[in-house]
């Protein structure tokens with residue numbers, strides 16, 4: 001069965017570009033990059049996902065806010081205990097990003113698209129790969145040009161989404177959220 005996954009490195013505002021990647025997941029771990037680019041508005045993002053018949057999207061943003069008076073969600077603290085670094089969703093810029101993500105998620109879910117939360121920096125680290133290029137090489141991803149940081153994060157998110165659909169990802173969860181990251185891909 002072929003699945004289409006997307007990765008979204010969402011910006012906090014529609015005035016700034018968000019990295020977007022769409023991949024096709026074939027048998028095993030055959031991942032083909034269909035699209036990598038940058039878009040601004042929620043409507044542009046949604047239209048692209050629908051055009052490519054995306055089944056699931058991994059978003060690089062908290063999808064829930066921490067409890068009132070707290071800086072981190074419990075799921076964030078679990079990631080921190082595992083050795084990963086995440087920003088507090090309570091910071092003003094992160095809160096703005098999270099609120100945008102929450103609104104976009106509602107729209108995507110209403111269209112039947114599965115939405116998962118990811119953190120590309122942690123996902124790359126959990127893969128055991130030293131760089132984006134090493135991860136892309138290990139998975140035989142064909143990229144036609146040099147990518148921006150936002151686009152690389154979107155590709156990592158899309159790959160994480162693919163592993164999630166294949167039940168091969170690592171899911172860190174608590175009552176206030178779930179974050180999907182990659183399993184070990186690069187072996188020392």
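Any read-out appearing in this document is the output of simple, stated calculations on the displayed coordinates, not a laboratory observation. Predicted model only: the values in this text are computed from it and were never measured. Virtual Cβ from ideal backbone geometry, glycine too; neighbours counted across all protein chains shown.
Could you put 73, 100, 15 in order, starting from the residue whose Cβ has the fewest other Cβ atoms within 10 Å? Don't jump to the answer; show the numbers that get you there.
Values: 73 25, 100 18, 15 8.
Ascending number of Cβ neighbours within 10 Å: 15, 100, 73.
Measure of size requested: the Rg and Dmax of the range 3-181, with Cα atoms as the atom set and Å as the unit; please supply both.
Looking at the range 3-181, its Cα Rg and Dmax stand at 15.1, 46 Å.
Per residue of the chain, what 222 nm ellipticity follows from adding -39500 (n - 2.57) for every DSSP H run with n ≥ 4, rounded to the nearest 500? Show your work: numbers first, answer last.
Details: 6 runs with 68 residues, N = 188.
The helix-only estimate for the chain comes to -11000 deg cm²/dmol at 222 nm.
Only bridges with both residues in the chain count here: give the DSSP antiparallel percent, nearest 5.
Details: 20 of 31 bridges.
About 65 percent, rounded to the nearest 5.
Rounded to the nearest Å, what's the spacing between the alpha carbon centres of the range 77-146 and the range 2-54? Just the number, please.
13
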